[in-house]
Amino acid sequence: MDDTTDPSRCELLFAATHGDGARETAALRRSVRRGQLVRIHQGTYLRADDFRRLDERGLHVVLARAVALGLADVCVVSHTSAAVLHDLPAVSPAMPDVVTVVDPRRTTTARSTHLLRRPGRAPASETSLVHGLCVTDLSRTAVDVSRTSPFADAVLCVDAVLRRLVLPRGHETSPGVVERLATVRTQLLQRIGDGSRPGDRAARRVVQFASPWAENGGESLLRLLLFELGLSDVHLQRSFESRGRFAGRCDIFLAKHGVALEFNGLIKLTDPTMLAGRTPAEVVRDRGRRDRRLLESDDIEHVVHCEYLDIVQPRRLAELLQGVGVGLDPRRVDSAARIALRRFVG
């Protein structure tokens, strides 16, 4: 992202700098009518060119910057807004239309235009500086989101937090990883507490379920769907050997059924980093070769490829799995389909 689209560096223009009746303020409003500026928040404007270049996540960062300027120092950006600033995944690409903060002066939650104040305190030890704003740190954000967000959103968030804290250098399977995971999980559970506060029970369930081995939000959602379909013994990022040599690592392995499940997000065919100089056709060719190597492993009987639409419509994934002999309870399939409808459609 270049400087013109970096949400932390986009220039904000303020009417308060000049006063409500000043000629400069009137000029800002005329620029909005002409399409040269966009009003972000009360008295705060952004150049239209910058606005058009920002994605939804970037726009929420800009909104948080605008809102934070009018807040007392005791307020800290938190919950879903902190997750956005930390670039943590969520089920929906749509960003919240309010900036959430914790405010120790509040005893109840209060909402106003572009601002949601939640009661609570965030000590300095639980904050970090992100995009120039004081934000709850990764661990505190994981706990807050787990308490207040739907299960799927919370799992995506905590999966990503665990990955950053436990696997900061990428995929790793050394004995120390399991120990680090146990330590981080215990620390999160200690932050949640004994279950006396609203959302504590849900938060504990999320933290116990979450895994650092989900490499992206799509894999987190896939694992969650498999759980909803009633499948157990699900392994993430399992490596296999064939004839004493490394055959490959699959996204998910259903050990009881000998099925390697691969999540084929579009990014694998479009992201220059993941393409690594290859064409999409070469990626598909390499995928086929890799599948053949995996099938030479004694543990794998089938390799199944799925995509995002199979997660949004669980009956599609169920058909793929049943096609390779994975037995599923029709009632669980129906239930997963209803959950997905609420999760993705509302």
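Test Ser31 against the stated conditions and say whether it is more than 30 Å from Ala154 (Cβ to Cβ), surrounded by 13 or more Cβ atoms within 10 Å (Cβ to Cβ), free of Cβ contacts under 8 Å to residues at least 60 places away in the same chain and out of contact with any Cys (no Cβ under 7 Å at 6 or more places or on another chain). Criteria met by Ser31.
For the stretch 135-166, what are the residues that are hydrophobic (A, V, I, L, M, F, W, C) and either at positive phi or surrounded by fewer than 19 Cβ atoms within 10 Å (Cβ to Cβ) (or both)? Result: Phe151, single match.
Taking the stretch 44-86 as the range and being of a type in the set (D, E, K, R), more than 30 Å from Ala27 (Cβ to Cβ) and out of contact with any helix residue (DSSP H, G or I) (no Cβ under 7 Å at 6 or more places or on another chain) as the test, only Asp73 passes.
Total residues in the stretch 311-336 satisfying the condition of being open to solvent by less than 70 Å² (accessible area, probe 1.4 Å), assigned to a helix (DSSP H, G or I) and touching a residue at least 12 places away in the same chain (Cβ under 8 Å): the figure is 10.
State whether the residues of the stretch 86-105 include one that is open to solvent by less than 20 Å² (accessible area, probe 1.4 Å) and polar (S, T, N, Q). Within the stretch 86-105, one or more residues are open to solvent by less than 20 Å² (accessible area, probe 1.4 Å) and polar (S, T, N, Q).
Look at the stretch 64-83: where a residue is under 12 Å from Arg117 (Cα atoms) and a partner is open to solvent by 50 Å² or more (accessible area, probe 1.4 Å), sitting 6+ places away or on another chain with Cβ atoms under 7 Å, you get Val74/Arg105; Val76/Cys134; Val77/Cys134; Ser78/Arg118; His79/Arg118; His79/Thr148.
Give the residues of the stretch 170-209 that are open to solvent by less than 30 Å² (accessible area, probe 1.4 Å), of a type in the set (Val, Ile, Thr) and either closer than 24 Å to Asp153 by Cβ or in contact with a Lys or Arg (Cβ under 6 Å, 6 or more places away or on another chain) (or both), sorted by residue number. Within the stretch 170-209, Val184, Ile192, Val206, Val207 qualify.
For the stretch 280-324, the set of residues classified as farther than 30 Å from Ser335 by Cα and in contact with a Leu (Cβ under 7 Å, 6 or more places away or on another chain) consists of Pro280, Val283, listed by residue number. So, in the stretch 224-240, of the ones that are in contact (Cβ under 8 Å) with a residue 40 or more places away in the chain and touching an Asp or Glu at 6+ places or on another chain (Cβ under 9 Å), which residue ends up most open to solvent (accessible area, probe 1.4 Å)? Top of the filtered list is Gly230.
Taking residues in the stretch 92-105 that are over 15 Å from Thr148 (Cα atoms), and partners anywhere that are in a loop (DSSP other than H, G, I, E, B) and among the small types (Gly, Ala, Ser), the pairs with Cβ atoms closer than 9 Å and at least 6 places apart or on different chains are Ser92/Gly346; Asp103/Ala72; Asp103/Gly120; Pro104/Gly120; Pro104/Ala122; Arg105/Ala72. When the helices (runs of 4 or more DSSP H) confined to the stretch 48-106 are screened for residues that are in contact with a Leu (Cβ under 8 Å, 6 or more places away or on another chain) and closer than 25 Å to Ser220 by Cβ, those reaching at least 1 such residues are found at 56-68, 79-85. Taking the options Val259, Val284, name whichever one is over 26 Å from the mean Cα position of the chain (by Cα) and at pLDDT 95 or above. Going through Val259, Val284 in turn, just one is over 26 Å from the mean Cα position of the chain (by Cα) and at pLDDT 95 or above: Val259.
The values are calculated or read from the model by the stated rules, or taken from the named source; none is laboratory data. Here the structure is a predicted model, which means the values were calculated and not measured. Glycine also receives a Cβ, built like all others from the backbone with ideal geometry; neighbour counts cover every protein chain displayed. Accessible surface areas use protein heavy atoms only, side chains included; no ligands, DNA or RNA. Shrake-Rupley method; radii C 1.70, N 1.55, O 1.52, S 1.80 Å.
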